[in-house]
Amino acid sequence: MGNKSSLLLREEEIAQIQEETGFTPNQIERLYSRFTSLDKNDCGTLSREDFLRIPELAINPLSERIVHSFFAESHDDRVNFLQFMRVLAHFRPIRKNRENKLNSREEKLRFAFSMYDLDNDGKISRDELLAILHMMVGVNISEEQLTSIAERTILEADTNNDQMISFEEFCRALERTDVEQKMSIRFLN
Amino acid sequence: MALLTPLVSVAISILYTPFLLLILCIIFLASIGKSLGVRRLYVNILLKLFEYGRQHIEVAKKLQRSDSSDEEELTVPDDKPPSAVVKENGTNGTKMTVIERQEILGPSPELNYRRVQNGHRAEEGTGQGETNLEFHFYHCMDLIKAGMESIIEDQVTSVFEAEELRSWNLLTRTNRQYEFLTWRLTIIWMMGFVVRYFFLLPLRILIFVIGVWWLIVSTACVGSLPDGPLKQRLNHTASILSFNFLSRCISMVITYHDGEENRPRSGICVANHTSPIDVLVLMCDNCYSLIGQRHDGFLGLLQRALARASPHIWFERSEVKDRHAVANRLKEHISVPDNPPILIFPEGTCINNTSVMQFKKGSFEVGGTIYPVAIKYDPRFGDAFWNSSRYGMLHYLLNMMSSWAIVCEVWYLPPMRRAPQETAVHFANRVKAAVARRGGLVDLMWDGQLKRMKAKKEWRELQQEEFSKRLKGE
């Protein structure tokens, strides 16, 4: 029958997650029930397959990068609920007059940056950008065009001429973008 | 033990007569097609009880969690009946949504749901042809957000599991675990448990056994008659009678809408599929021919019994894959005008009654008139959805017979025909949209086979194509 009652969320855990991520207890409970429903084997952690079982995610061109972002802190290739919540916390809308630890504009930008930075070295190289472009467009744009797009994008943003985009250059390039809106998910209740 | 036996025998002899009378009464009422209205009264009482329980829980939870949230305060929402609710995200239906979806990717990208219609495209300027593709770092953000949204909530995975209830219905069927809140609730729950399992369940099992026996006997009798209009009329009456009797074994309260105008007499009837109980629901009001795979055992027994009295289409396991054979049998059946309408569930699998998934085009290619029917179960009373990966058939039947009641609404929609230039797929989608709209269900473009299979590679490639188009400014 799938006895998940052993994984019931305790009040202290809810409080801890609320403290770290800023979600309300209601939202935490809902996300926990989502977490357990994705966890088909009832083991309290999620694997990459568990994520990719969601059809809408599986057909998303950036699915690997998105799923990978959950496993950044994981050692055994599995995600527990706290890690799950920490990543989702980046997408909380920014509240004025409240403390925003994980969902500030800078944190959101850092998350977006990590999407491009494949080897996690703090810089986006031309090859990394090309790889992401490949993921997003598939075979619909030719190799030469993609390369020229990648080079042009880097050229525009690269201010210190090292052929790579650092996090500061990335932020500057996105100065006029409404990151708060693009990287926030609004909860309905 | 020695004292117990005479006590038991006394109890049985006392209760025997009224019990028998009760059974006879039920049979009599079923046979004249009337009902005492007991079930509706029962259902109304239950509703009041659930409402009380729900309010009580919300209050108790509020007290328990006395912290102040940074969201709006918890108001206890009214528990409306399912079809009255229109949800966020541009969808009609009762599925509970947690977040505001910005973009929902789907198997056909032109149908991708996008909330803000191209607000940022204006920044890029008009498309200037392939040589001037503008890519910015923010282009990936839409996809990332869509991906994250789908991790929090998606249209498909929830549809293969029991629907989550907003309120508690004494079956503890909400996805959240049952926590101890107050003594009052626990006592109510325990009483509910006792009533359902020790009073209703045995009674229902008895009715079920009698009902099946009656079905077999009546179909044998009708089957022994020579073919002709008399046999068909008798079959129609006998079938409705037996199924009405069987419906009492799960306390079904069904409301039929628009039956006078749109009840099918022939052709093909399509409906959304939630469980095998759908057949029971529909056959209480009209006589259909069923189509399906031949089974062994108990189900096979029923199939053979039904086939004696009326033409049904049962396939051997090997023939099931052969689409032409299926289509031919269908055509054969509907070409005889006196044959009862065929009942088909084009989704191909059980869905949890919050949504309608893709209708397979097979039954829409055959020609003839399609009579769509929408079935919506009221989730507050019992979960009719059969989650075949979780429960076997027997376990499912036990669940059905120990729930409070099965309350559902059936809408007969006006008949539809395929337009001359219309493809079967387009026609199927048109019918699906009509069924979803009428039943208050979410209209999904996803294939029901996703229950067992993975998403196709082509769909992802189509999304990549869609993104490329966006880049090019198309």
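Simple rule: put +1 on each Lys or Arg Cβ and -1 on each Asp or Glu Cβ in chain A, find the dipole, and look at A:154, A:104, A:61; the Cα lying farthest toward the positive end is A:104. Positive contributions from Lys and Arg (+1) and negative ones from Asp and Glu (-1), summed over other residues with Cβ under 13 Å from the Cβ of residue B:427, come out at +4. Count the net charge of all other residues whose Cβ sits under 10 Å from the Cβ of residue A:139, scoring Lys and Arg as +1 and Asp and Glu as -1. Local charge sum for residue A:139: -3.
For GluC sites (Glu not before Pro), the sites in region A:120-189 that DSSP calls loop and that have at most 13 other Cβ atoms within 10 Å are A:175. Over every Cα atom in the protein assembly as shown, the radius of gyration and the widest Cα-Cα span, Dmax, amount to 29.0, 100 Å.
The slack in the chain from residue B:456 to residue B:48, taken as 0.36 nm per residue of separation less the alpha-carbon distance, amounts to 142.2 nm. The three principal axes of the Cα atoms in region B:321-408 give end-to-end lengths of 42, 25, 23 Å, sorted in falling order.
Taking only the alpha carbons of region B:342-474, we obtain Rg and Dmax values of 18.0, 59 Å in that order. The label point for residue B:317 and the one for residue A:20, both projected 7 Å from the Cα toward the Cβ, are 5.0 nm apart. Just check region B:207-358 against the gyration tensor rule for me: Cα atoms, a ≥ b ≥ c as the square roots of the eigenvalues, rounded for a/c under 1.5, and otherwise prolate or oblate depending on whether a/b exceeds b/c. Rounded is the answer for region B:207-358, as its axis ratio a/c remains below 1.5. Against chain A, whose longest principal axis is taken from its Cα atoms, helix A:11-21 shows a tilt of about 20°.
Please report the net charge: other residues with Cβ closer than 13 Å to the Cβ of residue A:160, K and R +1, D and E -1.
The answer is -2.
Summing Cβ point charges (Lys, Arg +1; Asp, Glu -1) relative to the Cα centre of chain A gives a dipole of roughly 920 debye. Legend: mean number of C-beta atoms from other chains within 10 angstrom of residue C-beta atoms, peptide A:170-183, equals 3. The protection proxy used here, the mean number of other Cβ atoms lying within 10 Å of each residue, ranks peptides B:289-300, A:36-47 as follows, highest first: A:36-47, B:289-300. The trypsin sites (Lys or Arg not before Pro) of region B:430-461 that meet both conditions, a loop assignment by DSSP and at most 16 other Cβ atoms within 10 Å of the site Cβ, are B:452, B:454, B:456.
Against chain A, whose longest principal axis is taken from its Cα atoms, helix A:25-38 shows a tilt of about 80°. Counting lysine pairs in chain A that sit 8 or more residues apart in sequence, or on different chains, and whose Cα atoms lie under 27 Å apart gives 8. Remark: mean inter-chain Cβ contacts per residue of A:32-42 equal 3, using a 10 Å Cβ-Cβ cutoff to other protein chain atoms. Restricting the calculation to alpha carbons of region B:251-328 gives Rg and Dmax of 14.2, 40 angstrom. Working note: Cα gyration tensor of region A:97-189, eigenvalues times five, square-rooted, sorted largest first, giving semi-axes of 27, 17, 11 Å.
Computed from the coordinates by the stated procedures, all read-outs in this text should not be read as laboratory data. This is a predicted model, so every value here is computed, not measured. Ideal geometry is used to build each Cβ from the backbone, glycine not excepted, and the neighbour counts take in all protein chains shown.
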